[in-house]
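Data first, discussion second: the structure below is written as structure tokens.
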Amino acid sequence: MLSFRLKAIVSMVPESETVADIGCDHGKVAVWLLKNGRAKYAICGDLSGRSLDKARKLARSKGLCDAVSLREGSGFDVLEMGEAQTAVVAGMGGELIASILEKGKNKLPETLVLSCNKGSGLMRKWLSENGFAIEDEDLVLENRHYYPVIRARRGDSKPLNDMELEFGPVMLQKKTKLLKYYVNHRIDQTKTIRAKLQKTKAERKEKLIDEIDERLNAYAKVLKCL
Ligand SMILES: C[S@@+](CC[C@H](N)C(=O)[O-])C[C@H]1O[C@@H](n2cnc3c(N)ncnc32)[C@H](O)[C@@H]1O
């Protein structure tokens, strides 16, 4: 029932009394967590009433209506302080997830499980600057897209360098084969941008190319360690 990406997300969720799934859409994450005893209660939040209808339908079909609270609203607005021990925020861009975390700052639970389709550096930056330590990470390739998955817990956060922001401090330690593919993928993308830039008459072209070359060097150093 779950895709590889959703499987990676749910497997990062620790056993919790109540889990909040912010931006739940289909509601598959909450239903899996309840059915598999990972949570006793789930709060499913979404901006869209249509998404909540999907989540309601799924919960009903699994006989879980009493274990799910469906709430329409933005980010952590739908949550009371201390209501959940864990929140999942997944399937959006890293920039949006970071802004949802920033707006909900005072209501965030102890544990966050985050996954985005792009811009994971912004999510990690927010965590490192706001007292959340990255505890575990995973990387999933699905439909030719890479999806990082992060579990962070309130605690001693530390500053992260550029490569840790982009690829994840735990992923860099795990040194998986998929991370190697992902770094190569980023190198290819960056080279394509460089080649396009070379052909333009952009004002700051030389400076931008220097910055890209610096980044390519940093990627090459990461690759050597994998
Ligand atoms: C692509 S779906 C992801 C669903 C699920 N979390 C997943 O990972 O498969 C994104 C969902 O986030 C919701 N969403 C977008 N911005 C939101 C916000 N600020 N607060 C709550 N939900 C939001 C959208 O309505 C949509 O249902």
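Hey, for a label at Ser3 modelled as a point 7 Å past Cα toward Cβ, could you say which residues of the stretch 28-53 have their backbone N under 13 Å away?
Label zone hits: 28-29.
What does the charge count around Lys7 come to, taking other residues whose C-beta lies under 12 Å from its C-beta (Lys +1, Arg +1, Asp -1, Glu -1)?
Charge balance near Lys7 sits at 0.
By how many nm would the segment from Glu95 to Glu15 grow when fully extended, if each residue of separation counts as 0.36 nm and the alpha-carbon distance is taken off?
Result for the pair: 26.0 nm of gain on full extension.
Among all the aspartates and glutamates, which ones have a C-alpha under 15 Å from Lys62's C-alpha, if same-chain residues fewer than 8 places away are not counted?
Cα-Cα hits under 15 Å: Asp53.
Using the number of other C-beta atoms within 10 angstrom as an exposure proxy, rank Asp156, Asp210, Asp21, Asp138 with the fewest first.
Ascending Cβ contact count within 10 Å gives the list Asp156, Asp210, Asp138, Asp21.
State the answer as a single residue: which of Tyr147, Thr18, Ala90 lies farthest towards the positive end of the charge dipole of the chain, with beta carbon charges of +1 for Lys and Arg and -1 for Asp and Glu, about the Cα centre.
Tyr147
For the stretch 4-159, give the share of DSSP beta bridges that are antiparallel, in percent and rounded to the nearest 5; count only bridges with both residues there.
40 percent
Fully extended, how many nm does the chain gain between Lys40 and Ile187 (0.36 nm per residue separation, minus their Cα-Cα distance)?
Taking 0.36 nm per residue and subtracting the Cα distance, the gain is 48.6 nm.
Placing unit charges on C-beta atoms (Lys and Arg positive, Asp and Glu negative, everything else neutral), compute the dipole magnitude of the stretch 67-142 about its Cα centre in debye, rounded to 20.
260 debye
Round to the nearest 0.05 the FRET efficiency obtained for Asn161 and Lys201 when R0 = 30 Å and r is the Cβ-Cβ distance.
0.35
Less than 16 Å apart at the alpha-carbon level, and either on another chain or at least 8 residues along: which aspartates and glutamates does that give for Lys35?
Leaving aside aspartates and glutamates fewer than 8 places away in the same chain, those within reach of Lys35 are Glu15, Glu17, Asp21, Asp66.
Please tell me which of these pairs span more than 28 angstrom C-alpha to C-alpha: Lys107/Lys175; Lys7/Lys175; Lys28/Lys105; Lys158/Lys207; Lys105/Lys224; Lys107/Lys180?
Cα-Cα > 28 Å for Lys107/Lys175; Lys158/Lys207; Lys105/Lys224; Lys107/Lys180; rest within.
Averaging sequence separations of C-alpha pairs under 8 Å and six or more residues apart, then dividing by the length of the chain, give the relative contact order as a whole percent.
Once normalised by length, the contact order is 15 percent.
Per the helix-only calculation at 222 nm, which mean residue ellipticity applies to the chain, given -39500 (n - 2.57) for every DSSP H run of n ≥ 4 and division by its residues, nearest 500 deg cm²/dmol?
-14500 deg cm²/dmol
What does the convex hull of the Cα atoms of the stretch 178-225 come to per residue, in Å³, rounded to a whole number?
Hull volume over Cα atoms, normalised by residue count, gives 50 Å³.
Output ³J(HN,Hα) for the stretch 131-144: one whole-Hz value per residue in order, computed from phi by the Karplus curve 6.51 cos²θ - 1.76 cosθ + 1.60 with θ = phi - 60°, and x for Gly and Pro.
Taking θ as phi minus 60°, the curve returns x, 10, 8, 6, 9, 8, 9, 9, 9, 10, 10, 9, 6, 6 Hz for the stretch 131-144.
Let's test this: bin the Cα-Cα distances of the chain at 5 Å from zero up to the farthest pair and state each bin's percent.
Result returned by the calculation: 1, 7, 14, 17, 17, 14, 10, 8, 6, 3, 2, 1, 0.
Could you compute the FRET efficiency for Leu216 and Thr176, with r as their C-beta to C-beta distance and R0 at 25 Å, rounded to 0.05?
Efficiency computed from Cβ-Cβ geometry: 0.70.
Based on alpha-carbon centroids, what's the gap between the stretch 17-34 and the stretch 130-145 in Å, whole number please?
18 Å
Computed from the coordinates by the stated procedures, all read-outs in this text should not be read as laboratory data. From a predicted model like this one, the values you see are computed outputs, not experimental measurements. Cβ coordinates were reconstructed from backbone atoms using ideal geometry, including for glycine residues, and neighbour counts include every protein chain displayed.
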